[in-house]
Amino acid sequence: MPELLTIAGVQQAERQLSRHPGLAELISRHGPCPITPLPGVQPWLALCSAVIHQQLAGRAAAAIEARFRSRISTAPVPAGVLALSDDDLRGIGLSRQKAAAIRDIAARAASGFLPDRAEADRLTDDELVSRLTAARGVGRWTVEMFLIFTLGRPDVWPVDDYGVRRGWCVIEANPGLPRARELLHWGEAWRPWRSVLAWYLWRAAEDGSTGTPAAQ
C-alpha cells in the first residue's frame with residue numbers, strides 16, 4: 001500500500017523542510033500542515049468536484065457543487081449522475097464542457113474503468129495519474145490535487161501549479177516564475193514530503209500577495 005500522510009509524517013516533513021530558512025518561517029507562522037486522507041471519498045466524485053471548481057472563484061464553484069450534490073443526493077453513485085439529462089446538468093450551472101466531462105467521469109466509473117476508493121488506495125501515484133487522466137476534462141494537475149487532498153499522499157509535486165511556482169518565488173526572493181524542470185530539480189531535496197512542501201508554498205504565495213493556489 002502507498003504511504004499516507006500521518007501526524008508523525010507531517011512532523012517529520014516539517015523538521016526536514018525547516019532546513020530552509022524561508023520554509024522554517026512559514027512553518028512557524030502557519031503551524032502544522034493539515035493535509036490528511038479523507039476516508040470514504042470516491043475518486044469519481046472527487047474528480048467531479050475538481051471539474052466543477054476549474055476556472056471558477058471559490059464561492060461560485062461551491063454553490064454549483066452544492067446544487068450538483070443535491071441533485072444526486074438520493075443516488076450518490078455514477079448511475080445517479082448518468083440519470084441526469086444535459087438540461088439538468090446545465091441547469092445547476094455547469095458549462096456544456098463541464099457537463100460533458102462529468103458525464104464521461106460517471107460513465108467511466110460505472111463501467112469500472114475508473115478505480116473505486118479501495119483500488120485507488122492500492123495504486124501508486126503514477127498509476128492513478130495514468131488511469132484518471134483518461135477521463136474527459138481531467139488533467140495531471142486535477143489528479144495531483146486528488147492525490148494530495150483526498151488520498152493524503154505525501155510526495156506529490158505539482159510543478160505546474162501557479163501557486164506553487166509563486167510561492168517558490170517568495171521564499172527564494174526570485175522575481176521570475178521557475179520552469180517546471182527547475183522546480184523538479186529543486187524539489188528533489190525535499191523528498192518524500194513534497195505534498196507538505198507544496199502546501200507551505202501555497203501559504204507563501206498568499207502571504208506574499210503573489211498568487212493563490214488554484215485549488216485546495
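Things worth noting here:
- Relative to the longest principal axis of the Cα atoms of the chain, the long axis of helix 21-30 makes an angle of roughly 50 degrees.
- Using alpha-carbon coordinates, inclination of helix 96-111 to the longest axis of the chain, degrees: 80
- For the stretch 100-215, the extents of the C-alpha atoms along the principal axes are 49, 30, 22 Å, listed from largest to smallest.
- Apolar share of the accessible surface for the chain: 53 percent from carbon plus sulfur atoms, 1.4 Å probe.
- Residue order for Asp126, Asp207 - accessible surface, 1.4 angstrom probe, largest first: Asp126, Asp207
- Among [x] 121; [y] 133; [z] 112, the entry derived from the coordinates for volume of the Cα convex hull per residue in Å³: [x]
- Given the chain, longest segment not containing exposed loop trypsin sites (Lys or Arg not before Pro) (DSSP; at most 13 other Cβ within 10 Å): 20-178
- Using a probe of 1.4 angstrom and keeping all protein chains present, the accessible surface of the stretch 17-165 works out to 47 square angstrom per residue.
- 0 to 90° range, to nearest 10: angle between helix 194-207 axis and the chain longest Cα axis: 80
- Qualifying chymotrypsin sites (Phe, Trp or Tyr not before Pro) in the stretch 30-134, DSSP loop, other Cβ atoms within 10 Å at most 15: Phe113
- Table column - 3J(HN,Hα) (Hz), the stretch 39-54, Karplus curve with 6.51, -1.76, 1.60, x for Gly and Pro: x, x, 6, 7, x, 4, 6, 5, 5, 4, 4, 4, 5, 4, 7, 4
The values are calculated or read from the model by the stated rules, or taken from the named source; none is laboratory data. From a predicted model like this one, the values you see are computed outputs, not experimental measurements. Because the Cβ atoms are built from the backbone with ideal geometry, glycine has one as well, and the counts that use them run over all protein chains shown. Surface areas here come from the heavy atoms of the whole protein model, side chains and all, with no ligands, DNA or RNA. Shrake-Rupley method; radii C 1.70, N 1.55, O 1.52, S 1.80 Å.
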